Amino acid sequence: MVKFDTIAASLLFAAFFIEFILILLHSPKTKMLHDTMANFILGICIILAGIFEKGLALGFFSLMYHFAIFTPHTCWWLWIVGFLSCDFIHYVYHWIGHKTRLFWAAHVTHHSSEYFNLSTALRTNFFHLFYRFLFWSPLCFLGIPPAMVLFFESITAIQNFIVHTEKVGKLGLLDWLFNTPSNHRVHHASNPEYIDKNLGGISMIYDHLLGTYAKEVAPPVYGITHNINTSNPLKILLQEYKNVGSGVFKQQGIQAKFRYLFSKPH
C-alpha cells in the first residue's frame, strides 16, 4: 500500500509540473503564479503529513478490526460493500466539512483558491489528516478490512486530484454517475446555486439520493463567498481557524460555544 501511494504521489506531482509548465507558456498573471506556488508548498505539507497519517490510520483501523462484530472472507460482494461504505463516509465527512464552522476551518483551505487546476488539488489543510481517519474507523469495526478501506481512500484521493481541471468538458452519462471534472468545477464554485453541491468522492450516488447534485450550467466562479486574497501558505492554513477562535471567544457559555462551532459557516 505504501509503495502504491508513493508511485501515485510521484505521478500526480509529475502531472502538476507538466501543467505548471503549460501555464507558464501562456504568460499567466502574477497572482496566478503566486497561487500555484502556494498550492505546491501546501501539497508538500500534505504529502509529508500523509506518510505519518497512513501509519496512524492503519494502526487504528487494525485495532477496530480486531474487535469487529463480523469478519467475512474477502469476496466480490465485500468489495462492493466496501466501495459503497467508503464512498458514503466520504460524502458524510465532506458534508460536515461544509456545514460546520469547526470542520470548515480546515476544508476552506481547499476552496479558497480563485483558480481551478491540478495545483488546486494540492491546496489542502494537513491538520485534518490527524482526525479524519476516525470517521472511517467504524467500517473496520463492522467488518471491512483495514487494507480495503485504505485502498479505496487512496483511489479516492487520486481520482479527486485528476478532476481538478478545466481541460476536460462535460462527459454525459459519466457526469451523472461519477465525480468528474464538470461536477467538481461546480463543487468549487461560489455561485449561489452551486454552493455545497456535488460532495461525492468517487461517485455521485449519494448526491442524487440526498439532493446535493447540481449540473454545470452557468460558468463557475471559483473561490469562496469572502475571498481571503492572500498567497501566503501560513495564512491560507490558519486564517479561518483564527476567525473561528475569535467567534468562539465572543460566545457566552459552553453551550453557546459548542453551538457556534457546529453551526453553518457564512
If I go through the stretch 75-130 residue by residue, how many of them are acidic (Asp, Glu) and not in a helix (DSSP H, G or I)?
1
Out of all the residues in the stretch 62-70, is one or more closer than 21 Å to residue 155 by Cα and either free of Cβ contacts under 8 Å to residues at least 60 places away in the same chain or of a type in the set (Lys, Arg) (or both)?
no
Does residue 241 fit the bill of being assigned to a helix (DSSP H, G or I), touching a helix residue (DSSP H, G or I) at 6+ places or on another chain (Cβ under 6 Å) and over 30 Å from residue 83 (Cα atoms)?
yes
Could you pull out every one of the helices (runs of 4 or more DSSP H) wholly within the stretch 133-219 that has 2 or more residues that are out of contact with any Pro (no Cβ under 9 Å at 6 or more places or on another chain) and closer than 19 Å to residue 98 by Cβ?
146-162, 181-187, 205-210
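Can you find a residue that is on the phi > 0 side of the Ramachandran plot and either modelled with pLDDT of 95 or more or of a type in the set (A, V, I, L, M) (or both) anywhere in the stretch 180-200?
The first filter runs over the stretch 180-200 and keeps only residues on the phi > 0 side of the Ramachandran plot, leaving 196, 198.
Remaining after also requiring either modelled with pLDDT of 95 or more or of a type in the set (A, V, I, L, M) (or both): 196, 198.
Within the stretch 180-200, one or more residues are on the phi > 0 side of the Ramachandran plot and either modelled with pLDDT of 95 or more or of a type in the set (A, V, I, L, M) (or both).
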Please go through the stretch 213-242 and pick out each residue that is of a type in the set (Val, Ile, Thr) and farther than 30 Å from residue 177 by Cβ.
228, 230, 236
Return the residues of the stretch 203-248 that are polar (S, T, N, Q), surrounded by 18 or more Cβ atoms within 10 Å (Cβ to Cβ) and either under 19 Å from the mean Cα position of the chain (by Cα) or within 23 Å of residue 158 (Cα to Cα) (or both); say none if nothing qualifies.
203, 212
Could you go through the stretch 61-77 and let me know if any residue there is polar (S, T, N, Q), over 13 Å from residue 150 (Cβ atoms) and out of contact with any Gly (no Cβ under 7 Å at 6 or more places or on another chain).
yes
Given (1) modelled with pLDDT of 95 or more; (2) under 17 Å from residue 119 (Cβ atoms); (3) surrounded by fewer than 19 Cβ atoms within 10 Å (Cβ to Cβ), identify the lone condition not met by residue 170.
(2)
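Can you say whether residue 96 is surrounded by fewer than 17 Cβ atoms within 10 Å (Cβ to Cβ) and closer than 15 Å to residue 200 by Cβ, as far as the supplied structure shows?
Numbers: surrounded by fewer than 17 Cβ atoms within 10 Å (Cβ to Cβ): yes; closer than 15 Å to residue 200 by Cβ: yes.
Here the answer is yes, as residue 96 does meet what is asked.
Here are 52, 4, 17: which of them is surrounded by fewer than 16 Cβ atoms within 10 Å (Cβ to Cβ), closer than 17 Å to residue 132 by Cβ and modelled with pLDDT under 90? It would help to see each step written out before you state the result.
Details: 4 fails: closer than 17 Å to residue 132 by Cβ; 17 fails: closer than 17 Å to residue 132 by Cβ.
The unique qualifying residue is 52.
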Any residue in the stretch 200-228 that is farther than 25 Å from residue 89 by Cβ and in contact (Cβ under 8 Å) with a residue 24 or more places away in the chain sitting within a Cβ distance under 6 Å of a residue that is part of a loop (DSSP other than H, G, I, E, B) and among the hydrophobic types (A, V, I, L, M, F, W, C)? List the pairs, counting only those 6 or more apart or interchain.
222/116
Can you work out which of the residues in the stretch 63-74 that are of a type in the set (A, V, I, L, M, F, W, C) and part of a helix (DSSP H, G or I) is farthest from residue 142 (Cα to Cα)?
63
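The values are calculated or read from the model by the stated rules, or taken from the named source; none is laboratory data. As the structure is a computational prediction, the values presented were derived from the model and not from experiment. So basically every Cβ, Gly included, is an ideal-geometry build from the backbone, and we count neighbours across all protein chains shown.
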